[in-house]
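Right, one structure below, let's go through it.
The values are calculated or read from the model by the stated rules, or taken from the named source; none is laboratory data. Owing to the predicted nature of the structure, the values given are computational and were not obtained by experimental measurement. Cβ sites come from the backbone with ideal geometry, for glycine too, and all protein chains shown count toward neighbours. To get the accessible areas, we keep the full protein, side chains included, count just its heavy atoms, and leave off ligands, DNA and RNA. Shrake-Rupley method; radii C 1.70, N 1.55, O 1.52, S 1.80 Å.
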Amino acid sequence: MILLPLWSFAVAWLLSKLLREPGGWRALYGITALSVGAHIAADVITSYGTMVFAPFSDWRAAIGTTFIIDPWFSGIIVVGLIASAIHYRARWPAIGALAVLLAYVGFQYLQREHALAFAAQHARPGTHIDAQPRPVSPFNWTVFVSDDEAHEFAHINLVRKVPRRYQPGDGFIARVDSPYMPLDKAIWVRRTRYGEVDQPTAREAWNSDALGFFRWFAAQPAFDGRSEGCVWFVDLRFVTPGRDVTPFQFGACRESGAWHPYERAGRAAKVLLR
């Protein structure tokens, strides 16, 4: 956000040269500033968030209403663009699409509050709650109840009355949608932060300089096993039912008495990060 004026100028200047705009970059600066601002806003509503005060702060603003790939969110934009192309002399398609998009994000925010209220019913003293948006539907959420030692989480659908059955051949959308259970049938899963055995070693690996970036990035870090002198961790907010691979699997491996950072690709391969 701090660099928005600079980026807007750079884009406006480049476009003015490419389009040979008679008014120069000043004629395009307003629309480029709005475009950069819209991109920042779209990042803020996801669970990833974005560093709005970069480069002066690495704090991430994240409202967490919208999954990183939301077909409804994208669909509203696409319909608005098509309508604007057809009625290119009118403003109402763009204004209408923007209004619907804002209303949709507001609706998602209300669903997040509903999910948090459900998680609060499962919370205990000393725990904190969170809710992460999930794909396909604004009613699909993963709720978390966490403390310093473990996370308990459940994949829920806020309006579903009966579980959705999935059979091989039903398709990808059904596969990623069916794990989300009605509230009264929620299945709570427990994942520890440091494992059940030899926790001191796992804590040492987690607190090592090798995993400094992942400690900053991960919202719900959890132990994910050991192999060949390595201790592996995942961020549970990216454990999405129905997906074959979980992204952002990082670990620290002790080599020559020091911890070194690795990223795991699948269950076998690992890549040294530096």
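According to a simple spin-label model (label point 7 Å from Cα along Cα-to-Cβ), what is the distance in nm between residue 159 and residue 263? Once both label points are built, they end up 3.7 nm from each other.
Across the stretch 145-215, C-alpha contacts under 8 Å between residues 6 or more apart give a mean separation that, scaled by the residue count, equals a relative contact order of 35 percent. The length gained on full extension between residue 147 and residue 99, counted as 0.36 nm times the residue separation minus their Cα-Cα distance, comes to 13.4 nm.
Directionally averaged projected area (the chain, Cα convex hull): 19.4 nm². For the chain, hydrophobic long helices are taken as DSSP H runs at least 27 Å long by C-alpha position along their axis with mean Kyte-Doolittle hydropathy of 0.0 or more; these are 24-44, 92-122.
For the chain, which whole percent of the accessible surface, found with a 1.4 angstrom probe, sits on carbon and sulfur atoms?
Here it works out to 64 percent.
Here the extension length gained between residue 128 and residue 10 equals 38.2 nm, from 0.36 nm per residue of separation less the Cα-Cα distance.
Peptides 213-224, 34-45, 18-29 ordered by packing proxy, namely the average of other Cβ atoms within 10 Å per residue, highest first: 213-224, 34-45, 18-29. Each residue was assigned an accessible area with a 1.4 Å probe, and for residue 166 the value is about 80 Å². Taking the chain as a Gaussian network of alpha-carbon nodes connected by springs under 10 Å, the highest mean-square fluctuation of the residues 154, 210, 99 belongs to 99. So for the stretch 123-177, taking the charge dipole from beta-carbon charges (+1 Lys/Arg, -1 Asp/Glu), which of 127, 167, 139 sits furthest toward the positive end? The residue sitting most towards the positive pole is 167.
The stretch 57-96 and the stretch 132-185 have Cα centres spaced 25 Å apart. Pairs of Cα atoms nearer than 8 Å and 6+ residues apart set the relative contact order; for the chain it is 9 percent. Diffusion of the stretch 121-274 by Stokes-Einstein, at 37 °C in a medium of 0.692 mPa s and with Rh set to the Kirkwood radius over alpha-carbon pairs, works out to 195 µm²/s. Take residue 1: with every protein chain present and a 1.4 Å probe, its accessible area is about 110 Å². Note on residue 130: accessible area approximately 30 square angstrom, rounded to 10, probe 1.4 Å, nucleic acids and ligands left out. Taking label points 7 Å from Cα along the Cα-to-Cβ direction, residue 172 and residue 57 give a separation of 3.8 nm. Rolling a 1.4 angstrom probe over the protein heavy atoms with all chains in place gives the chain an accessible area of 57 Å² per residue. Loop-located GluC sites (Glu not before Pro) across the stretch 157-242 with a Cβ neighbour count of 10 or fewer within 10 Å are 196, 228, with loop assigned by DSSP.
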